[in-house]
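This report refers to the structure that appears directly beneath it.
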Amino acid sequence: MQQQRIELLRPQMGTCRTLTVRTYGTPGKGPKAYFQAALHADELPGVLVLHHLEKLLADAEAKGDIIGEVVIVPFANPIGFTQYVDMKPLGRFDMRTGQNFNRHYPDLCDDLIVAVKGKLGQDGVQNVTVIRTELRRLIKERRASLGPLTDLQDLRFTLAELAIDADLVMDLHCDWEAAMHLYTSDSSWPAAADLSAQIGAGACLIAEESGDNPFDEAFSLPWVVMRREYGEAFPIPMATLAATIELRGEQDVYDHYATEDAANLFCFLQRRGVIAGDPGPLPAAKCDATPLAGVDRVTATHGGMIVFSTKPGGMVKAGQELGYVLDTETGEKTPFSSKTDGFMYARVGGRLVVPGGLLCSVAGPSVLPGKTGNLLTAR
């Protein structure tokens, strides 16, 4: 194992931040897998999962079983780790800019279209090499072209440079209260079906562009765009499988979950040829992929207390009462329900809500009418 501590931009005198990166296997040899946790710094299940995964990787490395390269960033957001208000960690948004830590990663697609012109051929493997070479060059040039960076921009570019040439990019998150689920690209399905089945996802939400270029899409979208632009003339595989894995809820920081999740990710790496060994039979899938544009974000019509009657992790029917919002001052009590049949995969963690506030999310099988534009919450 090689450990690197990357010094990040000093935001102010008297301060210092570093990013810890651990690499198992041999860089540049075989397929590359990249894992990070706590990009939303108050989402900790992934940190514990990677702690247990690293034990498995260390053992595999000692046995000579790592065929490729596995890069681990155990906590990807030193900025958010230090943001506390009223004794509560607030790691989803940068408190200086208000921006979501999981948005606005470098979009290199337009530059990439120009950069590969005249360099592609009829060998798909060679085309992947050409595209990755240009991606590595472009990400460095983009950083340099922006001049003085903020500490948030510096963090984004540092993480992007680590993952830009990976075959597998796994960004570990969690929701407030949730069942296991994941997000990936339309073009990565059904190729990602083994990941979904292996981790036991109850929902797999797919979209080519969900809005504001979150971390995973920064690495899947270039391949989507290349295939769209040049795919009829040249063979271009969907060379990077990028996914955001939502490890249940933010309070689900338990060894029994984390050891199981780590073992499943290890088996996934074996299936993908990053690690030698037999992963055993693939578990039966719990879901098929459904469109992210088919998710009904159920919201409150007025403020008050949320009283849920349904937990995440099960199928619900359109119109089925999932709970109610109660305003004890006026006596107003309003049941809420989903507009679609589907899998209720998440609900909010707090029990106070304002008008229009999110209550829960239901993954339906079909795109909902008028569901266009930004498909994510918490922009």
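Just a few scattered comments:
- Cα centroid of segment 121-191 to Cα centroid of segment 250-274, whole Å: 22
- Judged by the mean number of other Cβ atoms found within 10 Å, the most tightly packed of the peptides 130-136, 113-119 leads the ranking 130-136, 113-119.
- For the chain, the 222 nm mean residue ellipticity estimated from helices alone, with every DSSP H stretch of n ≥ 4 adding -39500 (n - 2.57) and the total spread over all residues, rounds to -8500 deg cm²/dmol.
- Length-normalised contact order of the chain in % [C-alpha pairs under 8 Å, at least 6 apart]: 18
- Across every pair of non-identical alpha carbons in segment 147-242, the mean reciprocal distance, once inverted, gives a Kirkwood radius of 14.8 Å.
- Normalised by residue count, segment 65-217 yields a Cα convex hull volume of 157 Å³ per residue.
- Semi-axis lengths (Å, descending) of the ellipsoid that matches the C-alpha gyration tensor of segment 245-290: 21, 16, 9
- Computed with a 1.4 Å probe over protein heavy atoms only, the accessible surface of the chain comes to 44 Å² per residue.
- Per-peptide packing, taken as the mean over residues of other Cβ atoms within 10 Å, places 22-35, 348-361 in the sequence 22-35, 348-361 from highest down.
- Percent accessible area from carbon and sulfur atoms, segment 79-129, protein chains only, probe 1.4 Å: 56
- By the rule of a C-alpha distance below 16 Å, with chain neighbours fewer than 8 residues away ignored, the aspartates and glutamates paired with Lys88 are Asp42, Glu43, Glu250.
- Longest to shortest principal axis, alpha-carbon extents of segment 1-115, angstrom: 47, 44, 27
- Too-long pairs where the Cα-Cα distance tops 25 Å, listed order kept, from Lys29/Lys117; Lys32/Lys119; Lys117/Lys371; Lys32/Lys63; Lys286/Lys317; Lys317/Lys371: Lys29/Lys117; Lys117/Lys371
- Simple label model, 7 Å out from Cα along Cβ direction - Gln320 to Lys88, nm: 3.0
- Per-peptide average of other Cβ atoms within 10 Å, ordering 317-327, 42-52 highest first: 42-52, 317-327
- Expressed as a whole percent, the proportion of Cα-Cα pairs in segment 259-379 lying more than 17 Å apart is 64%.
- Here Lys333 is the anchor, and the aspartates and glutamates within straight C-alpha reach of less than 18 Å, apart from those fewer than 8 places off in the same chain, are Glu321.
- Note on the chain: with a GNM built from Cα contacts shorter than 10 Å, the maximum mean-square fluctuation among Glu69, Glu217, Glu141 falls on Glu141.
- Translational diffusion of segment 193-301, µm² s⁻¹ [Kirkwood Rh, Cα pairs; Stokes-Einstein; 25 °C; 0.890 mPa s]: 150
The values are calculated or read from the model by the stated rules, or taken from the named source; none is laboratory data. Since this is a predicted model, take the numbers as computed values, not measurements. FYI the Cβ positions are ideal-geometry reconstructions off the backbone, even for glycines, and counts take in every protein chain you see. For the accessible areas, the whole protein counts, side chains as well, though only heavy atoms, and no ligand, DNA or RNA atoms are used. Shrake-Rupley method; radii C 1.70, N 1.55, O 1.52, S 1.80 Å.
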